[in-house]
Structure formats: C-alpha cells, structure tokens
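**Student:** Okay, here's the structure, questions in a sec.
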C-alpha cells in the first residue's frame, strides 16, 4: 500500500550550509548529523541531505502556512528565486527557489 512519500534525499555540495537552510525551513534540528548524511524527521517523514548524491536531482513542494515568510527565509539563506508567488486557483499559492546546490524547492500554501 502506498503511504505517500516517506523519505526525500537532497544532493548537496556544502552540507553545513544546507543543514542551516533546512533547519530553518523545517523548524527542526537534524536527528542524524554527520559529514556523510544529515537527516531530519518531520511529521513521520525523513528529509535527508547527501553530500555525495549529485547523480540524482529532485523537486519537492513543501506545504507551508505562510508562503511569504517561508519564501523570504529561503532567499535570506541564499536561495535564488525561480518563480515569484503565484495564484494557482482555489485560494492556493505557489513559488519556487533554487538552493546553492541547484536543487529546486517548491512552496505551496
């Protein structure tokens, strides 16, 4: 049975910078913090950072309560704006950025 996404692994070049960005984005400290892998547990899901994982790429949309605040936090932490906040209908908004490692991070409210 499909339980939805249980793990998301991001390839990163600078694990320290990525750890700071994701700690701020997720509002949590990692449960695994090593030079080979940094992992976060959020709502029963794993979000991992892999400094040796650049053979794969990824785009994930994170559901947030305040898209303006979340987007600004990512930009303040060095992310590059790809898409401004856009109305997607039905009261929904989305935006996306590219982090320092080239990963796309999407936000949806």
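The values are calculated or read from the model by the stated rules, or taken from the named source; none is laboratory data. Keep in mind the model is a prediction, meaning the values are calculated, not measured. Backbone-built Cβ (ideal geometry, glycine too); neighbour counts: all protein chains shown.
**Student:** Select from the stretch 58-81 the residues that are surrounded by fewer than 16 Cβ atoms within 10 Å (Cβ to Cβ), in contact with a strand residue (DSSP E or B) (Cβ under 7 Å, 6 or more places away or on another chain) and under 22 Å from residue 15 (Cα atoms) and write down the one among them that is modelled with the lowest pLDDT.
**Tutor:** Filtering first and then ranking leaves 59.
**Student:** Suppose we keep only residues that are in a loop (DSSP other than H, G, I, E, B) and in contact with a helix residue (DSSP H, G or I) (Cβ under 8 Å, 6 or more places away or on another chain) within the stretch 21-35. Which one would you say is surrounded by the most Cβ atoms within 10 Å (Cβ to Cβ)?
**Tutor:** 30
**Student:** Sticking with this structure for a sec: Just name the residue that is farthest from residue 42 (Cα to Cα) out of those in the stretch 82-97 that are modelled with pLDDT of 90 or more and surrounded by 11 or more Cβ atoms within 10 Å (Cβ to Cβ).
**Tutor:** Restricting to residues being modelled with pLDDT of 90 or more and surrounded by 11 or more Cβ atoms within 10 Å (Cβ to Cβ), the top hit is 85.
**Student:** Another question about this same structure. Determine, yes or no, whether residue 53 is part of a strand (DSSP E or B) and at pLDDT below 90.
**Tutor:** No, not satisfied.
**Student:** Suppose we keep only residues that are touching a strand residue (DSSP E or B) at 6+ places or on another chain (Cβ under 7 Å) and at pLDDT 90 or above within the stretch 1-24. Which one would you say is nearest to residue 74 (Cα to Cα)?
**Tutor:** 22
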